[in-house]
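The values are calculated or read from the model by the stated rules, or taken from the named source; none is laboratory data. Everything numeric in this text was worked out from a predicted model, so none of it was measured. Glycine gets a Cβ as well: all are built from the backbone with ideal geometry, and neighbour counts include every protein chain shown. Ligands, DNA and RNA are stripped out before the accessible areas are found, and what is left, the full protein with its side chains, is counted by its heavy atoms. Shrake-Rupley method; radii C 1.70, N 1.55, O 1.52, S 1.80 Å.
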Amino acid sequence: MASSLRLAALTLVLFAISLCYLSNDDIDKGGKQVSSNRKNRISWQRALGYQECEAYMPKIQLSIGNKAHHPKLLSDICSKFACPRYKALNITGCGFGARHMYGSTWVSTGYDMKDKASSKQAYWDLRKYILGDNDVNERLPMTVPVLTSVYIDLETLQPLDTAYMSFYQPSSSPPTPLNPALSIDPALSIVVYYRAFPGPGYPTEEQKAEEFERLKKAITDAGLPFYPYWMMSASYTRPGHGRQRWEAIYVAQ
């Protein structure tokens, strides 16, 4: 009996401690997340890059102890790797962020959406390019993000068979790829809406689809127009190695 009482008391203590990880200091009465004042803690708002709403939070973000698994800060990533130039924009909604992406240059290749091996081959073809498989045999720096673009068929509302993977190139005139499957593609200046996966770890395909649905709902609830038939995902970190950052992206109209 005494042992059972001690176990019950311990359970209550652990439950009380767990509430500290996601208290009312982190989410206000209206559902919006606010920054924490505790020392040496990065707030969810700062980690995500926007205000979160409880209505769009996946269960994993609300799980006990998940406070330690917020996405890696974009500023930390871009201090180590070259990132496309952008400007953060203020928006009226919550659950997503907005960026003005300035014109940039990418090396890209297509792959079969239904063939996992094709996706891996696309990545390694791009890696070979930056490792020197180009017309000047020049080794180029690794950049972020690895960008994937998927287009939706307007009639069937299903993804087209061919998707595209791209590596950002800091130079406006990078070396020409030797592999004919690769191309150098300039990108115009655009505004994008994004939502970062809260972790922990790298998202599964099912979790990616859920984040796109949350992003779509958040943008729609904010009354902002966007292109629902052009979906992009941005991988800023190497899966399985430390804190992660993955983003679902729609382009503003």
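Could you work out how far the C-alpha centroid of the stretch 69-130 sits from that of the stretch 193-253, in angstrom?
11 Å
Would you grab the residues whose amide H sits under 5 Å from the one on Val191? Only those 5+ places off in sequence or on another chain, please, with H modelled 1.01 Å from N.
Met101, Ala252
Counting only heavy atoms of protein chains, what accessible area per residue, in Å², does the stretch 81-134 have with a probe of 1.4 Å?
With all protein chains present, the stretch 81-134 gives 52 Å² per residue.
Please turn the phi angles of the stretch 126-131 into ³J(HN,Hα) values with the Karplus equation 6.51 cos²θ - 1.76 cosθ + 1.60 (θ = phi - 60°), one per residue in order, whole Hz, x for glycine and proline.
5, 4, 4, 4, 6, 8
For the stretch 70-78, take each phi angle, set θ = phi - 60°, evaluate the Karplus expression 6.51 cos²θ - 1.76 cosθ + 1.60, and give the result in whole Hz per residue in order, putting x for glycine and proline.
Values per residue, Gly and Pro as x: 5, x, 5, 5, 4, 5, 5, 5, 6 Hz.
Using heavy-atom solvent-accessible surface (probe 1.4 Å) with all chains present, what is the largest-first order of Thr92, Thr237?
The ranking, largest first, comes out as Thr92, Thr237.
Check Gly132: other-chain or 5+ apart residues with amide H under 5 Å from its amide H, H built from backbone geometry?
Residues meeting the criterion, in which the H sits 1.01 Å from N, are Leu140.
Leaving ligands, DNA and RNA out of it, report the carbon-plus-sulfur percent of the accessible area of the stretch 172-253 at a 1.4 Å probe.
Solvent-exposed carbon and sulfur of the stretch 172-253 make up 57 percent of the total.
Leaving ligands, DNA and RNA out of it, report the carbon-plus-sulfur percent of the accessible area of the stretch 117-167 at a 1.4 Å probe.
Carbon and sulfur atoms account for 52 percent of the accessible area of the stretch 117-167.
With r defined as the distance between the Cβ atoms of Glu54 and Glu138 and R0 fixed at 35 Å, what FRET efficiency is calculated, to the nearest 0.05?
Calculated transfer efficiency: 0.10.
DSSP loop (so not H, G, I, E, B), at most 15 other Cβ within 10 Å: list which GluC sites (Glu not before Pro) in the stretch 149-253 pass both filters.
Qualifying residues, ordered by number: Glu155.
With labels modelled as points extended 7 Å from the Cα through the Cβ direction, what inter-label distance (nm, one decimal) is found for His241 paired with Gln121?
Between His241 and Gln121, the simple spin-label model gives 2.5 nm.
So for Tyr227, Tyr202, Tyr250, what's the accessible-area order with a 1.4 Å probe, most first?
Tyr227, Tyr202, Tyr250
Provide Val146, Val191, Val136 ordered by accessible surface of protein heavy atoms (probe 1.4 Å), highest first.
Largest accessible area first, the list is Val136, Val191, Val146.
For Lys80 and Ile42, FRET efficiency with R0 = 25 Å and r from the beta-carbon atoms, rounded to 0.05?
It comes out at approximately 0.90.
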